[in-house]
Amino acid sequence: MCGILVFKHEGNNFYIQKRGQDLTNKIESHGFTFIHNLLSITGELTPQPYEEDGIICLYNGEIYNHKFIKSDGENLIPLYKKYGPDFIKHLDGEWAIALYDFNKKLAVFATDLFATKPLWRNGLECASYESGVGGKKIPANTIEIVNFNLPAGRQVGSAESKKIYEFDLNQHKNHYEDWIAAFRSSIKKRVVDGCFIGLSSGYDSGAIAAELLKQEVDFKAYIIAGNEDKGVLEDRMKLVPDYEYLDKSQDFQDEPEWIKNNIEEFKYKIPQTLKSDSASLGLSKICRDAHSEGRKVYLSGQGADEIIGDYALKPHQSTFKGKFPDKLTLWENFYEGYQYSYLGKEEYVAGSHSIETRYPFLDRDVVQEFLWLSPDLKNKNYKAPIYEYLKQTNFPTLLNKKIGLRVRI
């Protein structure tokens, strides 16, 4: 995870620099200032921006499907030279990218399929947070292409937008095995030794923990007592070799002040705010402790409620009220609503502690395999494919309950 800032006259790096505390690099070129704040995880510590043949590229995140020598981001300019702006369609991972081709007078801005890594654009300026340059957030599953080869005195026009991927809504599969295989692959590509999770008594974190154990990954679980089922937590703690258990209100006493002073106010698309979301306190504490131990990668269960569950146990938040239809269309929380809002919480809070968050349930193949399940299989149980996976692994689980890392203070 990193922080990106590109501006012509003035930009604000105060909040953004917290996303990448290993190295801040600044260059000035073609009338722009390019600032990159690096959190070094994959490969060697490699300063950005990348520069080659009049092309400048900044990148935040992880790319899982291209080999590299020093850094996964070294693939971006060569891929752009080969495919043009459609190079984005050849990436698998979680990322935000800003690429400027000063020869062709084109700029390309994009985030991944669910905009897990935030990127805001204001004309040709861009930033990881709105406070950087203002503007609007790049939507999920979108490539924005801006032509700045314009006559003197004319302003940069609006962007041409392209989709990265078209999800197939043909609900034809009659078994869960392909979804389970995709989930296991999603975990495998995202793990690093020393990664961490927040472990509740619910489905999503339980499935992640079960698979980490199966793959024999060196990880740590942070557990917040909150409103959890204590029996399930105790059974899970017997299986997890390394965990920290937080059950006292004073454990979280520093977090409100941290959030107030170190995180810009993120605008939810639901009736809630970052500062009123109690899960923000728990996430901040988890990331604070992980950062102090030198951990950099957090595996989040974000996306399972919004896609696999559609908040079936909370009908006021749900589109399908617990029953996916025979004729499926993408629903509000798939990209927007709660998805947009809680992804913002994950990125803004974890980012303030220089922690990179990765999202196994928002992997393209995991989502696509879920969409391909027949309505009967989707509706068989609450979060049916996760339910099936937990049954197969015999991992302790509280069934048919929505649990999260809530804090009581």
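Summary of values
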item: Residue order, fewest to most beta carbons within 10 Å, for ASP326, ASP277, ASP229; result: ASP326, ASP229, ASP277
item: Charge-dipole axis of the range 54-198 as Lys and Arg at +1 and Asp and Glu at -1 on Cβ define it, positive-most pick from LEU106, GLY61, PHE167; result: LEU106
item: DSSP H segments from the chain that extend 18 Å or more along their own axis, Cα-based, with Kyte-Doolittle mean of -1.0 or above; result: 177-190, 278-292, 337-352
item: Nonlocal Lys pairs with alpha-carbon distance under 25 Å, the range 31-146 (8 or more apart, or different chains); result: 26
item: Test item: Cα-centred dipole of the range 115-211, Lys/Arg +1 and Asp/Glu -1 on Cβ, debye; result: 260 debye
item: Alpha-carbon centroids, the range 303-318 and the range 226-301: separation in whole Å; result: 21 Å
item: Residue with peak Gaussian network fluctuation, the chain [Cα springs, cutoff 10 Å], from ALA181, ALA207, ALA312; result: ALA181
item: Positive-end residue of ILE88, ASN141, ASN394, charge dipole of the chain with Cβ unit charges; result: ASN141
item: Sum of -39500 (n - 2.57) over DSSP H runs of 4+, divided by residues of the chain (222 nm, nearest 500); result: -8000 deg cm²/dmol
item: Size of charge dipole - the chain - debye, nearest 20, with Cβ of Lys, Arg +1 and Asp, Glu -1, no other charges; result: 700 debye
item: Loop-resident sites, the range 164-231, for GluC sites (Glu not before Pro), counting at most 16 other Cβ within 10 Å (DSSP); result: GLU166, GLU216
item: GNM flexibility winner over the chain from LYS137, LYS391, LYS275 (Cα, springs under 10 Å); result: LYS391
item: Distant-in-sequence amide H partners of LYS173 (H built 1.01 Å from N, under 5 Å); result: LEU373, SER374
item: Net charge dipole size for the range 2-163 [Lys, Arg +1 and Asp, Glu -1 on Cβ; Debye, nearest 20]; result: 400 debye
item: Among ASN141, ASN103, ASN13: highest mean-square fluctuation, GNM of the chain, C-alpha pairs under 10 Å; result: ASN103
item: Which label in (1) 22.3, 72; (2) 21.0, 69; (3) 21.4, 73 gives the computed Rg and Dmax of the Cα atoms in Å; result: (2)
item: Cα gyration tensor shape of the range 177-393, rounded if a/c is under 1.5, else prolate or oblate by comparing a/b with b/c; result: oblate
item: Amide proton proximity set for ASP229, modelled H, under 5 Å, gap of 5+; result: SER201
item: Qualifying aspartates and glutamates (Cα of each under 13 Å from Cα of LYS8; at least 8 residues distant if same chain); result: GLU28, GLU125
item: Karplus-derived 3J(HN,Hα), 6.51/-1.76/1.60, for each residue of the range 129-146, Hz, glycine and proline x; result: 10, 4, 5, x, 9, x, x, 10, 6, 5, x, 4, 6, 9, 10, 10, 10, 10
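Bear in mind that the values in this text are calculations on the coordinates, not laboratory data. Owing to the predicted nature of the structure, the values given are computational and were not obtained by experimental measurement. With ideal geometry, Cβ positions are generated from the backbone for all residues, glycine too; neighbour counts draw on all protein chains shown.
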